[in-house]
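A short write-up of the structure that comes next.
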Amino acid sequence: MEKRSAVVTGSTSGIGWEIARALAGNGYSLMLNGAVTGDAGEQKCVEIRKEFGVAAQFNGADLADIEQCAKLIAQADENLGRIDVLVNNAGIQHVAPIESFPVKWWDAILAINLSAAFHLMQHTLPGMRARGWGRIVNIASAHGLVGSPGKSAYVAAKHGLVGLTKVAALETAASGITCNCICPGWVKTPLVDEQIITRAASEGITVEQAQANLLRDKHPSERFTTATQIGAMVVFLCSEAADNITGAAFAMDGGWTAQ
Ligand code: NAD
């Protein structure tokens, strides 16, 4: 396979970091992105270059800002030569009932978890179309398929991302581009650790008990999905074997949404 390149948003930690590592392990050069300092981002690039011997650069675009979204794609195009794969992974969470849900959090979650994917796709698709090849993978959630109380903004954004994925797939269906999303259940990352700690405090139980309850509530498998498994799924969706898979939403959720 010729050398390909990828932009992975929110790739300085958690799921995005493992997606970046999985792509690097398969020879992709990378543009990393995340809400960290330039030094911390560069440190992540050093780790990727050292372990996998591929090119890696960092752009700290705040994806809530439309202009910074455009600049991220422009820099990736210039520095990587082209963008073959775009993984829209960056995401944030806030949990509160609708009546007391802070509008500031609603706006931020919709901007980062949904609108950024639209803006980044808008700037990336023309190049993919011109070259007749491209892969877009959106990291949605089980919450793109079902709801949970307290997560109005997150569930709305993730359902929106599943819908956006379908439209992008239809608009690009005959152009060598595929667009799919992955819908993970619980994955043990900083985003979920925060929810486990909050649950332990509010229920007066240990963090270990809160973690077990969290899994038992939603995952019939009673096991976390791992970020490494999601990385492997992204690599598969970027492979020629997945050439005719487009517009799909893959649940990786231990059976959560099968119930
Ligand atoms: P995480 O908090 O470890 O990572 C989030 C990443 O997004 C970080 O790199 C962070 O720097 C980046 N980010 C946050 N705000 C940003 C901004 N304004 N601009 C640019 N980057 C920004 O969380 P994670 O669990 O790895 O989540 C990754 C994705 O997976 C999210 O979209 C999340 O909704 C989704 N997801 C996570 C789980 C889970 O259980 N952890 C389950 C389903 C879906």
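Please give the FRET efficiency for Asn213 paired with Lys3, using the beta carbon to beta carbon distance and R0 = 45 Å, rounded to the nearest 0.05.
0.45
Compute the separation of the alpha-carbon centres of the stretch 146-219 and the stretch 20-47 and state it in Å as a whole number.
Distance between centres, Cα-based: 23 Å.
Collect residues whose amide H, placed 1.01 Å from N in the peptide plane, falls under 5 Å from the amide H of Ala249; neighbours closer than 5 in sequence don't count.
Those qualifying (amide H under 5 Å, at least 5 residues apart or on another chain) are Cys181.
On a full-extension model of 0.36 nm per residue, what is the gain between Ser175 and Ile197, subtracting their alpha-carbon distance, rounded to one decimal in nm?
Working it through step by step, the gained length comes to 3.3 nm.
Scan the chain and report its longest stretch carrying no GluC sites (Glu not before Pro) that are both in a DSSP loop and have at most 15 other Cβ atoms within 10 Å.
Here the longest segment lacking exposed loop sites spans 3-221.
If we restrict to alpha carbons, what Rg and Dmax does the chain come to, in Å?
So, for the chain, Rg and Dmax equal 17.8, 57 Å respectively.
Quick check on the chain: helices-only [θ] at 222 nm, where DSSP H runs of length 4 and up contribute -39,500 (n - 2.57) each and the sum goes over total residues. Nearest 500, please.
Computed ellipticity for the chain at 222 nm equals -15500 deg cm²/dmol.
Please give the length that would be gained between Ala258 and Ile245 if that part of the chain were fully extended, namely 0.36 nm times their separation in residues minus their C-alpha to C-alpha distance (nm, one decimal).
2.6 nm
Counting only trypsin sites (Lys or Arg not before Pro) that sit in a DSSP loop (anything but H, G, I, E, B) with at most 13 other Cβ atoms within 10 Å, what is the longest stretch of the chain containing none of them?
4-222
At 24 angstrom or more along the helix axis (alpha-carbon based) and mean Kyte-Doolittle of 0.0 or higher, what helices does the chain contain? Whole DSSP H runs only.
Span-like helices in the chain: 152-172.
Just want to confirm a number: the relative contact order over the chain, from Cα pairs under 8 angstrom separated by 6+ residues, in percent.
Result for the chain is 20 percent.
With the cut-off at 1.5 for a/c, could you classify the stretch 68-125 from its C-alpha gyration tensor as rounded, prolate or oblate?
prolate
Take the Cβ-Cβ distance between Phe118 and Gln43 as r, set R0 to 22 Å, and report the resulting FRET efficiency rounded to the nearest 0.05.
With R0 = 22 Å, the Cβ-Cβ based efficiency is 0.15.
Find the lysine pairs in the chain meeting two conditions, Cα atoms under 25 Å apart and a separation of 8 or more places or different chains, and report how many there are.
The number of close lysine pairs in the chain is 16.
Taking the Cβ of Gly255 as the centre, find all other residues whose Cβ is under 11 Å away and add up their charges (Lys, Arg: +1; Asp, Glu: -1).
Local charge sum for Gly255: 0.
If all Cα-Cα distances of the stretch 1-113 are sorted into 5 Å bins from 0 onward, what percent lands in each bin, rounded to whole numbers?
Computed distribution, short to long bins: 2, 13, 22, 23, 17, 10, 7, 4, 2, 1, 0.
No lab work stands behind these numbers, since they all come straight from the coordinates. This one's a predicted model, so the numbers in the text were calculated from it and none came from an experiment. Backbone-built Cβ (ideal geometry, glycine too); neighbour counts: all protein chains shown.
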